[in-house]
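Taking it in order: structure first as structure tokens, then the write-up.
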Amino acid sequence: MKLIDEGYIFDAEKAAGAKRVCFFTSLFQSASGKILATFRLGSSKNSADGNCAVAQSTDNGASWQIVCDGFETSLNGVPGEIREAELAETGDGMVLAFLTWMNRSGGDESLYDAETDSVIPSNLLMARSTDGGRTWRDYQTLNTGSLTGPVLTGPAIRLPGKGWLAPFENFQHEQAGGPSLHGAHAMFSADGESFDTVLAVARDLENILFYWDQRNRVCPKTARVVTMFWTYDHEAEKDVEIHMAWGDPATLTWEQPFATGITGQIAGPIPLPDGRLLAFYVCRQSPGSMRLIASPDGGKRWDHDGELVVYEAEGGKERSAGSEPGYAELWEDMGKWCFGHPSGLVLDDNTVLLIYYAGKHDKCLSGRWARVRI
């Protein structure tokens, strides 16, 4: 693998005010070939002024133009933050945006409260665009049933001949006086209109492993869904190996996640047309980096010797997975990390496009892209 080109989707060094911190980067390619990137901009990673922009590239990622500065942030009169945006496309070319809305009526406050072991309230929204993502209408709240505290986790995907998936996770108190527990799920629609079915993706029945930040793609060779997880041992209060699972598009069920042998956090799977699998992932072990690694057999074995360092941290040493901070401290660290949120897609048989956020410090973070020859 070889890094052949790189640049900026959004250069925070040239921005000002409430748009100097970029993260929650994600990629989507339309049927016409246009590539759209979404990312959150704000004055800090956890600020109440956060909103998501949409940028477009018509030259395989070499240049980008912001076509949408943001979405509606209030919900039923309550001020909020659009924290993440993930895109999909229906058969008639309509673009769907799935949005994580956070209740910001309390202003700039921490997302996580250690005393109550809870996060601020959230909802999943959906909006539609008929002009390629420039303007949005028909906002609606998605019904996640009894699952409270929902947030999106990576790109929405289309299952050929089956429907659409919008992955999310939830974090909530399931019993009075008990701890907040985690589950990985997906909203499903057979027609691209009504997303009213909640699917179970991954849950540790013993509630020891939390399968955070799932990322999903469809394997073009097998049509199966490949899902990867940043996996956290809640009992030991530390990260463990990245896990993954394969999903059956016919039954809309997933196998039990298994350890990959990769030490890292969020991992974006990139299945190739020939059946090989790439993983673009976050490594917080020193030196912190964004890495691309390949598997010849669906994730059973990985080529650690041949993995590619796409980006190495500029801002000095961050608290990493190896330092094993406590659970509350980990939530604080998430607001300070200076790189992450990998996303990637296949441009042709030999080239992939990758995006992520990165910067020298947490007050100035850019959206970056890279092209890699496989």
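Multiply the residue separation of GLU193 and ASP113 by 0.36 nm, subtract the distance between their alpha-carbon atoms, and state the gained length in nm to one decimal.
Separation in residues times 0.36 nm, less the Cα-Cα distance, equals 25.2 nm.
What is the order of LYS19, LYS360, fewest Cβ neighbours within 10 Å to most? Spell out each step's value before the answer.
On the way: LYS19 18, LYS360 15.
Placing the least packed residue first, the sequence is LYS360, LYS19.
If you take the C-alpha gyration tensor of the stretch 41-167, multiply each eigenvalue by 5 and take the square root, what semi-axes do you get, largest first, in whole Å?
Details: eigenvalues 137, 67, 36 Å².
Output for the stretch 41-167: semi-axes of 26, 18, 13 Å.
Just round it to a whole percent: the fraction of Cα-Cα distances in the stretch 147-286 exceeding 21 Å. Could you put the intermediate results ahead of the total?
On the way: 3990 of 9730 pairs.
When all Cα pairs of the stretch 147-286 are counted, 41 percent exceed 21 Å.
Which value, in Å to one decimal place, does the Kirkwood hydrodynamic radius take for the stretch 1-74 when every pair of different Cα atoms is included? Numbers along the way, then the final one.
Working: mean 1/r = 0.0755 Å⁻¹.
After inverting the mean inverse Cα-Cα distance, the result is 13.2 Å.
Would you compute, from DSSP H runs of 4+ residues alone, the mean residue ellipticity of the chain at 222 nm, taking -39500 (n - 2.57) per run and dividing by the full residue count, rounded to the nearest 500?
Working: 1 runs with 8 residues, N = 374.
Taking each H run of at least 4 residues, the total per residue is -500 deg cm²/dmol.
For the stretch 190-237 and the stretch 147-177, what is the separation of their C-alpha centers, rounded to whole Å?
Taking the Cα centre of the stretch 147-177 as reference, the centre of the stretch 190-237 is 8 Å away.
How much net charge surrounds LEU3 when only other residues with a Cβ under 9 Å from its Cβ are counted (Lys, Arg +1; Asp, Glu -1)?
Result for the neighbourhood of LEU3: +1.
Please list, by residue number, every one of the GluC sites (Glu not before Pro) in the stretch 161-246 that is coil in DSSP and has at most 15 other beta-carbon atoms within 10 Å. Mind dumping the intermediate values first?
Working: sites: GLU169, GLU174, GLU193, GLU206, GLU235, GLU237, GLU241; in loops: GLU174, GLU193, GLU206, GLU235, GLU237, GLU241.
For GluC sites (Glu not before Pro) across the stretch 161-246 that sit outside H, G, I, E and B with at most 15 neighbouring Cβ atoms in 10 Å, the list reads GLU174, GLU193, GLU206, GLU235, GLU237, GLU241.
Just to be sure I understand the model, the point goes 7 Å from the Cα along the line to the Cβ. What's the resulting LYS2 to LYS336 distance in nm?
Here the modelled spin labels are 4.0 nm apart.
Taking the simple approach of a point 7 Å from Cα along Cα-to-Cβ for both ALA15 and SER74, what is their distance in nm?
2.4 nm
Project the alpha carbons of the chain onto their principal axes and report the range along each, largest first, in whole Å.
50, 47, 47
Can you tell me which lysines have their Cα less than 28 Å from the Cα of LYS19? Leave out same-chain residues fewer than eight positions away.
Leaving aside lysines fewer than 8 places away in the same chain, those within reach of LYS19 are LYS34, LYS45, LYS317, LYS336, LYS360, LYS363.
Which cross-chain or sequence-distant (5 or more) residues have an amide H under 5 Å from the amide H of PHE168, H modelled 1.01 Å from N in plane?
Amide H neighbours of PHE168, under 5 Å, 5+ apart: THR153, HIS185, ALA186, MET187.
Just subtract the alpha-carbon distance of SER30 and LYS238 from 0.36 nm times their residue separation and send over the number in nm, one decimal.
Numbers: separation 208, 0.36 × 208 = 74.88 nm, distance 3.81 nm.
Contour length minus Cα-Cα distance gives 71.1 nm.
Throughout, read-outs are computed from the coordinates displayed, never taken from laboratory work. These numbers come from a predicted model, not from an experiment. For neighbour counting, all protein chains shown are included, and Cβ atoms are generated from backbone atoms with ideal geometry for every residue, glycine included.
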